[in-house]
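Below is one structure, written out as structure tokens; comments come after it.
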Amino acid sequence: MGSRVQRVDARTNRARILDVAEEVFGKGGESASTEEVARLAGVGIATVFRHFPTKAALLEAVLVRRFDRLREQAEALLDADDPGSAFFEFFSHLVADAATKIAIAEALLDAGGDSEAAAQASKRLRQAVGTLLERAQQAGAVRADVELPEVYALLVGTSRAAARGNLDQQVTQRMLAIVFDGLAP
């Protein structure tokens, strides 16, 4: 009985550490610390390192979880009544999410992480975006002559511009409107 309670407690701690780490590193990037994560999660640094032996391992877990959550959101839109709206709304969502994701990814690189797991999770997200694109094209909402590589390049470019350019909401919305006009049939 005692070990079962401990396992539940350990899972709770792990989830709380990941939640806090996502927020801390998403805002602070490489300057954020595992000590700050431990403090805000209400656990000791030893508990953080018991779950994640290095800062890179923690960042990798945060990034994989974030990619997986975005992929799940994309997959939930696959049966949308309006595939065009689903595609464009998800594209906008990814652009809005970019600053946090980029900060975490850069913190991972700075921590010496070269994450195969994060690369695979990113690839699964890209595939889900590709399926949303196909559905939007089949519905006639996106031009038929574009393919995932160029659409994903637009997504990455607009995401980086929104994240790095400190663009206000109106500029970001206008940028997306121009991209979306270019994708329309």
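The values are calculated or read from the model by the stated rules, or taken from the named source; none is laboratory data. Predicted model only: the values in this text are computed from it and were never measured. Here the Cβ is made from the backbone with ideal geometry for all residues, glycine too, and neighbour counts use every protein chain on show. With ligands, DNA and RNA removed, areas are computed over all heavy atoms of the protein, side chains included. Shrake-Rupley method; radii C 1.70, N 1.55, O 1.52, S 1.80 Å.
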Rounded to whole Hz, the Karplus (6.51, -1.76, 1.60) HN-Hα couplings of region 13-23, x for glycine and proline: 4, 4, 4, 5, 4, 5, 4, 5, 4, 4, 5
Gaussian network model of the chain, Cα springs within a sub-10 Å range: biggest mean-square fluctuation belongs to which of GLN137, GLN120, GLN170? GLN170
Can you list the HN-Hα couplings for region 124-129, worked out from phi with the Karplus curve (6.51, -1.76, 1.60; θ = phi - 60°), rounded to whole Hz and with x for Gly and Pro? 5, 5, 4, 4, 5, 4
Reachable lysines, given that their alpha-carbon falls under 21 Å from the alpha-carbon of LYS55 and they are not under 8 places away in the same chain: LYS27, LYS101
In Å, the Kirkwood hydrodynamic radius from C-alpha pairs for region 62-104 sits at 11.0 Å
Heavy-atom accessible area of the chain with neighbours in place, 1.4 angstrom probe: carbon+sulfur share in percent works out to 51 percent
Rounded to the nearest 10 Å², what accessible area does ARG7 have for a 1.4 Å probe in the complete protein model? 130 Å²
Per residue value of the accessible surface for the chain (all protein chains in place, 1.4 Å probe), Å²: 54 Å²
Hull volume in cubic angstrom per residue (convex hull over the Cα atoms of the chain): 130 Å³
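Which net charge results when you count Lys and Arg as +1 and Asp and Glu as -1 among the other residues whose beta-carbon is under 12 Å from that of GLU23? Spell out each step's value before the answer.
Numbers: positive: ARG16, LYS27, ARG66; negative: ASP19, GLU22, GLU36.
Net charge in that neighbourhood comes out at 0.
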Taking a ≥ b ≥ c as the square roots of the Cα gyration tensor eigenvalues, with a/c under 1.5 meaning rounded and otherwise prolate when a/b beats b/c or oblate if not, region 86-185 comes out oblate
Identify which of ASP19, ASP82, ASP145 has the largest mean-square fluctuation in a Gaussian network model of the chain, with springs joining Cα atoms closer than 10 Å. ASP145
